[in-house]
Structures are given as structure tokens and as C-alpha cells.
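The values are calculated or read from the model by the stated rules, or taken from the named source; none is laboratory data. Predicted model, so just to flag it, every value in this text is computed and none were measured. Note: ideal-geometry Cβ built from the backbone for every residue, glycine included; neighbour counts use all protein chains shown. Remember, those area values only see protein heavy atoms, side chains included, never the ligands or the DNA or RNA. Shrake-Rupley method; radii C 1.70, N 1.55, O 1.52, S 1.80 Å.
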Amino acid sequence: MHYVVDTSWPVAAIDPPLIDVVAMEVDADDNLHAFTRNAEPVVVLSRRGEVIDRWGGGIFTEPHGMHMEPNGEIYLIDYGDHTIRHFSNDRKLLRMIGTPGVKSDTGATGRDWRTIERAAGPFNAPTDLAVGPDGDLYVSDGYANARVHRFSANGALKTSWGVPGSALGEFNLPHNIEFGADGLLHVSDRENNRIQRFTLEGQPVSELGGVFRPNAARILPDGHTVVAELGYHTEIALRHPAPAGRPHSRITIHDPDGQLVLSLGGPNHAEAGSFCAAHSLAVDSTGALYVGDVGWSANPTKPPAGIRAIQKFIREA
């Protein structure tokens, strides 16, 4: 397995530049849909990296997660106002899950996962959504909660699981949620430095450890797991205990047995192929890998120069 950064992508500078690419999805035509913290937060890029659409201005407070269905319908998670909005493929709002500005009572101070006193219902700063093989919606919740919520396809809450902690089945910031071909739900349990795997009913099965603050994971068709690791070099990380050496942000790929087979990115985020704060992942039909960075929010007092909002990696034989 070998990836090289495509320094020719995008074909021209994106104007205005993208800021904080928090989530990404690829549609049936291999167009990349990026959820950003720009004024028009949803930016659609062609395979060559040309901007072909921008939309969503004035709707969201703080974008965070995204899920796209095969028919082009899209779920967008706003952890600032504690909602999930479901749009048609022509940008019409179909429904909203959650009430804007209303959060569940977890006792947390702001969005500090360390201050959560108890798990609660939906939502308190939700982070991501995945649609299961059963059609149900699974939501990671999130920055100020420690739960996964399961909804029916029509948005009715069915069950929830998880409490604050580090034992199997517990969470310290469930940040991303993804289904694999194995039928299991893979939850990036960021501040526990692991990805937990669950059945549809919420029973813990196993975990992938040895990942430094996983922001997102993608499960490839061959069973490999691609992980976007935030690492400990960003300003936001200074509030958290860090392992020796303060590992930098990187992309890692693990085989189906959990063995590390590839690591992308070095300590200098300004170099092509390296990251300041890797946050989101997408994979197109050719196997190309896209990585979104949130270096602006991760270093709010002084964003470091040279951050690349999205980078594309080509998989070579």
C-alpha cells in the first residue's frame, strides 16, 4: 500500500481559500463535498479541484460532521446549535433532528469533555452521523456528551449507549462514526486514543488502539482502516495530557488485524503531505484519499502559516 501527495491538486487556487475542512464526502460523480467554516460552508469541488458550487451561508453556527447518502441527500451536523439538518440533493431542508440552541444536561462546562458529569440524551455538541445497513441513523454525541444515539430512519430516537470513561463501551469524546464492510460501527473515541467497534445494538466488540487522538476513520473495502490523527502539536492539545514526544498530526492506515502498515505526514505541517490538524477523510472511486485540516480552529490565537485545507493523495500500486 503506497500513497503519494498530488501536488497538482487543486488545479488552481481556491478563492476565497477554504478554512477548517471539518468533514468531506464524495458523490457518485467523484465530486468532493467539503463542509467548512467559511461564510458559504458547503463547497463542492470537481475531481480536478475546481469549485463548482458553494452553499449553506447563514444556516449553521459551527459546522462539524457530514454524511452523504448514495442518492445525494446529505446530513450536516452543527455542534454549535446541537442539531442535525437533512437536505435533499437539490439543497432543500427535509428535516431537522434536535432543537437549535437547546442542549441536553450533562453538567459539562461549554464543550469541555473533561467536565461531563453524566451522559444524557440528544444532543450536547454532536459530532457525526452514519446510516447503518438497517437504515437507522447513528449519531456520535460528542464534545459535551459521551453517547451514541440510534434513531429510526424517520428520526425517532430508539436507544442510546455510552457513559464518560475509558473502559470498553465508554467514551471520552466520541468524535466520528463510520460503518465498515464488517457491519460494525466504528467510533473514533478521540481522547481515549482508540477506535471502538460496536454491533448495531451497541455491544462493544473490539478496539483499535495506538492512534493519537483520532478525529476520523474510513474503513476501506478491503478492511483497512484509515485514521486522521489530531496528535498533540496544536494549541488546543496543550490543555490535554500528552504522551512523550508529543506526536504530530498524521494519517495512519491499519490492516484488518489492527497492524500499522502506513503513516503519512511529518512534523512540519507546511510541507506537502503533512498536516497541522488532520480532521476529515474522504475516498473516491479511484482510491484517492482526501484529507481535511482544521489548523485554524486548532490554533485560534495564531494559526500557523502554510496550512493546507485539503490535500489529495493518490494510491499507487
Completion exercise
The condition of being of a type outside the set (A, V, I, L, M, F, W, C) and open to solvent by less than 10 Å² (accessible area, probe 1.4 Å) holds, among P122, P164, P174, only for P174
Handout entry: Selected residue (criterion: least open to solvent (accessible area, probe 1.4 Å)) from residues of region 199-223 that are assigned to a loop (DSSP other than H, G, I, E, B) and among the small types (G, A, S)
Key = G202
Problem - Extreme residue, most open to solvent (accessible area, probe 1.4 Å), among residues of region 144-161 that are in a strand (DSSP E or B) and out of contact with any His (no Cβ under 9 Å at 6 or more places or on another chain) - result: R147
Handout entry: Failed item in (1) in contact (Cβ under 8 Å) with a residue 12 or more places away in the chain; (2) surrounded by fewer than 17 Cβ atoms within 10 Å (Cβ to Cβ), with D53 passing the rest
Key = (1)
Exercise for the section: Please work out which residue is nearest to the chain's Cα centre (by Cα), limiting yourself to region 282-317 and to residues that are open to solvent by less than 20 Å² (accessible area, probe 1.4 Å) and of a type in the set (F, W, Y). Expected result: Y290
Exercise for the section: Can you work out which of the residues in region 13-42 that are in contact with a strand residue (DSSP E or B) (Cβ under 7 Å, 6 or more places away or on another chain), farther than 21 Å from C276 by Cα and without any contact (Cβ under 8 Å) to a residue 40 or more places away in the chain is surrounded by the most Cβ atoms within 10 Å (Cβ to Cβ)? Expected result: V42
Handout entry: When residues of region 177-198 are limited to those that are among the small types (G, A, S) and more than 20 Å from A120 (Cα to Cα), the one surrounded by the most Cβ atoms within 10 Å (Cβ to Cβ)
Key = G180
Fill in the blank from the handout: Exception for E271 within (1) farther than 19 Å from V11 by Cα; (2) of a type in the set (D, E); (3) at pLDDT 95 or above falls at (1)
Handout entry: Matching residues, region 73-109, being without any contact (Cβ under 8 Å) to a residue 60 or more places away in the chain and among the charged types (D, E, K, R)
Key = E73, D78, D81, R85, D90, R91, K92, K103, D105
Practice task
Name every residue in region 1-24 that is of a type in the set (V, I, T), at pLDDT 95 or above and in contact with a Lys or Arg (Cβ under 8 Å, 6 or more places away or on another chain), in order of residue number.
Solution key: V5, V22
